[in-house]
Amino acid sequence: MDKLRQLRRAKDAMDRDWADPGLDLDAVAAHAGYSRYHFLRAFKEAYGETPGQYLTHRRIERAEELLRSADLTVTEICHLVGFSSLGTFSAKFKSRTGLSPTEYRTAHVGRGASLIPGCYALLWAGGFPGRSATSEKRGPDQPAYRGGQEQPPSVRRSRRAEP
């Protein structure tokens, strides 16, 4: 397999798995069949930037899209695009775009379609792995209803707040 084809395989892996915070240089280099240092030099020679810079640019591009189109907090977007630190995300975003994520959203929202509700965007993106709002509130082994059974409609209605 020639050198450029091997590098393309690694670049495709970064394009496919850009949101995975565990994607690191060793994993990407393995897709190309190179050692990490040889891969780093070869990738920079072929594409003009390091694999880390390329991956950061891909993540920032996705964050720009989410800031323009989804009603999510900056922190939620930060985690969805693969950053584990809000500070790092904000600094990288500002160095790439010249604006903080909040300033970017303010400047670009309202120029097209309305924002996608955050719940739909999170559902589409797979949400946050291992977290469930309901399991955090009641615990994973507790039933959703008292006594393990659903309450009759008359009981549910009587507990609603009157308008």
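Please treat every number below as a calculation from the coordinates, not as lab data. Small disclaimer: the values here were computed from a predicted structure and weren't measured. In this analysis, Cβ positions are derived from the backbone assuming ideal geometry, glycine residues included, and neighbour counts consider all displayed protein chains.
Quick rundown of the values:
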read-out	value
Segment 60-74, subset among the small types (Gly, Ala, Ser) and part of a helix (DSSP H, G or I), residue farthest from the chain's Cα centre (by Cα)	Ser69
Total residues in segment 9-43, condition touching a residue at least 24 places away in the same chain (Cβ under 8 Å), closer than 19 Å to Phe89 by Cβ and either touching a strand residue (DSSP E or B) at 6+ places or on another chain (Cβ under 8 Å) or among the small types (Gly, Ala, Ser) (or both)	1
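Okay, residues lined up against (1) part of a helix (DSSP H, G or I); (2) surrounded by 14 or more Cβ atoms within 10 Å (Cβ to Cβ); (3) not charged (D, E, K, R):
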position: Glu76; (1), (2), (3): yes, yes, no
position: His79; (1), (2), (3): yes, yes, yes
position: Gly82; (1), (2), (3): no, yes, yes
position: Gly87; (1), (2), (3): yes, no, yes
position: Ser90; (1), (2), (3): yes, yes, yes
position: Lys94; (1), (2), (3): yes, yes, no
position: Leu99; (1), (2), (3): no, yes, yes
position: Thr102; (1), (2), (3): yes, no, yes
position: Thr106; (1), (2), (3): yes, no, yes
